[in-house]
Amino acid sequence: MAQTSETPSTTSPETPAATSVEPAEKPAPYDARLLRLSEILGSVHYLRVLCKAGDPDDWRQAMQDLLNKEAAGEAVRKARLTASFNRGYRSFASVYTSCTPAAVMADQRYRAEGATLASEIVARFGN
């Protein structure tokens, strides 16, 4: 009897155990508001440093606290929030190069909007 030897296939189908797929991060119902809040924090950080108002690291630290509480262990969510913060920072950096009355007004309005957003998030979704 002739024996046939089978050579292992080089194109074996992947088994589910061999596939490394991270589970998709499920967005929180308040993520859109959180992204806007992150953008506001970046904007206010830039404006407060520009106008030398208060501790320059307060707003950056507020963003870090937000990341630690909301995106710990969630790389994609952390990246989105960080990008939002940076977008807010860059948007004002491209417009204001010195502290003007308009920059002070924008700072006041953004801080008011940020306070409102934070209150809404806590009131509606807080525990």
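The values are calculated or read from the model by the stated rules, or taken from the named source; none is laboratory data. Bear in mind that the values here come from a model prediction, so they are computed numbers and not experimental data. Accessible surface areas use protein heavy atoms only, side chains included; no ligands, DNA or RNA. Shrake-Rupley method; radii C 1.70, N 1.55, O 1.52, S 1.80 Å.
Here are some notes:
- Accessible-area composition of region 28-73, carbon plus sulfur, in percent [1.4 Å probe]: 52
- Accessible area expressed per residue, region 38-82, with surrounding protein chains retained (probe 1.4 Å, Å²): 53
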